[in-house]
Amino acid sequence: MRLGMHTYSLYHHGVAEDWAGFALPWQRQMTLFEMMDYIQTLGLEGLHLDAKALDRMEPAYYDQVRAYAGSRDLYLEFNFALKSGQYDSAVQFDVADGLAIAHAIGADVTKIGMNLTRPRPVAAGKFHPDIMVQLEAVVNRVTAVLGQVEKTGIKLALENHTDAFSEEVLWVLDRINHPLVGACIDTVNGIHVTENPITAVENLAPRAFTNHFRDNRIVITPWGLKFTGAAVGEGDLDMKRAYELIRGNPDMNRINIELDLECPLDNMEAAMETEKAALERSVAYCRDVLKIS
């Protein structure tokens, strides 16, 4: 099992998607090449990255990324979402275009976020008619590029993002029914649609190609609760069980640590140091406790 990192872990360095309408108050602080050098100092072996991690969007640069990663024996996985008019448009592509970028940089797995728009109440919305129309559209968009998938050999991994129940992801996979189209497990995201996160991992692990290995902490407040980011092993999710389920699938031979930390926005240096320290602790947990090697 190889251990890598989702570039969102260093969001406060300016190298990842602006999520949920949020944007950093400072400029990018690390190039992709610097990030590849940095993760190797931590003993990490690859990156799960989106377009915000790329310094430029042009073929000559993609060639440089591919060569740089290859010379350091780093795996690359490309992460994008379907165009939807929601969230960060800079990381949204048609499936064919996302695949082309993945192939150009040497990624062998491409994660796709479906960007569904859920009706409320979310808890009662599994397989809602409005969702089924959107899921059918995802099936059609992926099916249309299966020839390109087969030509490149890149595996497509549909994520249980904050907008999808795991059973809905499985429904899409069953409809597409192709050996190069599977799932991406996010170990936290189930809770965003009121699904037990471990249930989501249980459902998706047998069909997954990759993962976002993420932990969160539950903080009780007078007005409810706050579900907030934590270093892996320091939150309230059963990360040991999640890893057991993931490693049971021989098609998943990588763990991608992901952090989504709340950091100070009035002190750039403190924010970046908070991320780096949490990443180091996450690596230590994966190596020393989970025995990932």
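The values are calculated or read from the model by the stated rules, or taken from the named source; none is laboratory data. Keep in mind the model is a prediction, meaning the values are calculated, not measured. Neighbour counts are summed over all protein chains in view; Cβ atoms, including those assigned to glycine, are modelled from backbone coordinates with ideal geometry. Side chains included, ligands, DNA and RNA excluded: accessible areas come from the protein's heavy atoms. Shrake-Rupley method; radii C 1.70, N 1.55, O 1.52, S 1.80 Å.
What's the total number of residues in segment 230-242 that are open to solvent by 50 Å² or more (accessible area, probe 1.4 Å) and free of Cβ contacts under 8 Å to residues at least 40 places away in the same chain? Step through it out loud before you land on a result.
Start the filter on segment 230-242 by keeping residues that are open to solvent by 50 Å² or more (accessible area, probe 1.4 Å), which leaves 234, 236, 238, 240-241.
Add one more test, that the residue is free of Cβ contacts under 8 Å to residues at least 40 places away in the same chain, and what stays is 236.
So the answer is 1.
Inside segment 114-129, residues that are closer than 20 Å to ALA81 by Cα and out of contact with any Gly (no Cβ under 6 Å at 6 or more places or on another chain) make up a count of 4. Mind checking which residues of segment 243-254 are open to solvent by 30 Å² or more (accessible area, probe 1.4 Å) and of a type in the set (A, V, I, L, M, F, W, C)? Correct list: LEU245 only.
Does LEU10 count as among the aliphatic types (A, V, I, L, M) and closer than 29 Å to CYS286 by Cα?
yes
Criterion applied to ALA69, ALA90, ALA137 was being in contact with a Phe, Trp or Tyr (Cβ under 9 Å, 6 or more places away or on another chain) and either open to solvent by 30 Å² or more (accessible area, probe 1.4 Å) or part of a helix (DSSP H, G or I) (or both), and the one residue passing it is ALA69. Against the condition under 23 Å from ARG214 (Cα atoms), modelled with pLDDT under 95 and in contact with a helix residue (DSSP H, G or I) (Cβ under 9 Å, 6 or more places away or on another chain), how does THR162 come out, does it pass? Against the criterion (under 23 Å from ARG214 (Cα atoms), modelled with pLDDT under 95 and in contact with a helix residue (DSSP H, G or I) (Cβ under 9 Å, 6 or more places away or on another chain)), THR162 qualifies. Selection within segment 107-124: residues that are part of a loop (DSSP other than H, G, I, E, B) and open to solvent by 30 Å² or more (accessible area, probe 1.4 Å). The member of this set that is farthest from GLY190 (Cα to Cα) is ASP108. Being closer than 21 Å to GLU262 by Cα, of a type outside the set (Lys, Arg), assigned to a helix (DSSP H, G or I) and touching an Asp or Glu at 6+ places or on another chain (Cβ under 8 Å) is a condition met by at least one residue of segment 13-22. Within segment 255-277, the set of residues being open to solvent by less than 50 Å² (accessible area, probe 1.4 Å), within 17 Å of VAL188 (Cα to Cα) and either assigned to a helix (DSSP H, G or I) or out of contact with any Asp or Glu (no Cβ under 8 Å at 6 or more places or on another chain) (or both) comprises ILE255, ILE257, ASP260. Only one of the numbered conditions (1) among the basic types (Lys, Arg); (2) surrounded by 22 or more Cβ atoms within 10 Å (Cβ to Cβ); (3) in contact with a helix residue (DSSP H, G or I) (Cβ under 7 Å, 6 or more places away or on another chain) is violated by ARG175, and that is (2).
Just need a number here: residues in segment 236-248 that are assigned to a loop (DSSP other than H, G, I, E, B) and over 18 Å from the mean Cα position of the chain (by Cα).
Restricting attention to segment 236-248, the residues satisfying the condition of being assigned to a loop (DSSP other than H, G, I, E, B) are 236-238, 248.
Those left that are additionally over 18 Å from the mean Cα position of the chain (by Cα): 236, 238, 248.
Looking only at that region, the number is 3.
Just one of (1) at pLDDT 95 or above; (2) open to solvent by 10 Å² or more (accessible area, probe 1.4 Å); (3) touching a helix residue (DSSP H, G or I) at 6+ places or on another chain (Cβ under 8 Å) fails for PHE80. It is (2).
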